[in-house]
Amino acid sequence: MNAVLPRFLKLTYRKEPIISVLMTMGVMDALIGGLNDSWSLFAFGLGTTGISLAFKLWRFQQSRPVPEEPVVQHYLPSRSSSAPLPMLSVSKKKPPL
């Protein structure tokens, strides 16, 4: 678990740094407010965390890629438009010396 958590945090902070900072601030405010019996700070922290989480979920729903069929690009036509070349035959005669 020690190796998974830092990798997850780095990945999360790199993808959406503003939302991650807001969520961290909100959780810390709620934690400090809850431990110190400061209910206004606790409510502010929960509100900040909730709003940032809702914004993250909204952005996740907006950025879902629509599955599209891959476009295949052919550089050559599937068959040639010109007639095939005739077969070459090698003559059995020896060239003059």
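The values are calculated or read from the model by the stated rules, or taken from the named source; none is laboratory data. Please read all numbers here as calculations on a predicted model, not as lab measurements. Backbone-built Cβ (ideal geometry, glycine too); neighbour counts: all protein chains shown. These area figures cover heavy atoms from the full protein model, side chains too; ligands, DNA and RNA do not enter into them. Shrake-Rupley method; radii C 1.70, N 1.55, O 1.52, S 1.80 Å.
Structural remarks
- Accessible surface, region 1-83, averaged per residue in Å² (probe 1.4 Å): 92 Å²
- Axis angle, to the nearest 10 degrees, between helix 17-35 and the longest C-alpha principal axis of the chain: 20 degrees.
- As a length-normalised measure over Cα pairs under 8 Å and 6 or more apart, the relative contact order of the chain settles at 18 percent.
- Where a label projected 7 Å from the Cα of Lys15 along Cα→Cβ would reach, residues of region 35-76 with amide N under 17 Å: 52-66
- Angle in degrees between helix 39-62 and the longest Cα principal axis of the chain, rounded to the nearest 10: 20 degrees
- The chain shape via C-alpha gyration tensor axes, a/c threshold 1.5: prolate
- Acute angle (nearest 10 degrees) that the helix 4-15 long axis makes with the longest principal axis of the chain, alpha-carbon atoms: 80 degrees
- Within the shell defined by Cβ-Cβ distances under 14 Å, the residues around Ile18 carry a net charge of +3, with Lys and Arg each +1 and Asp and Glu each -1.
- Rolling a 1.4 angstrom probe over the chain with all protein chains present gives an accessible area of which 67% lies on carbon and sulfur atoms.
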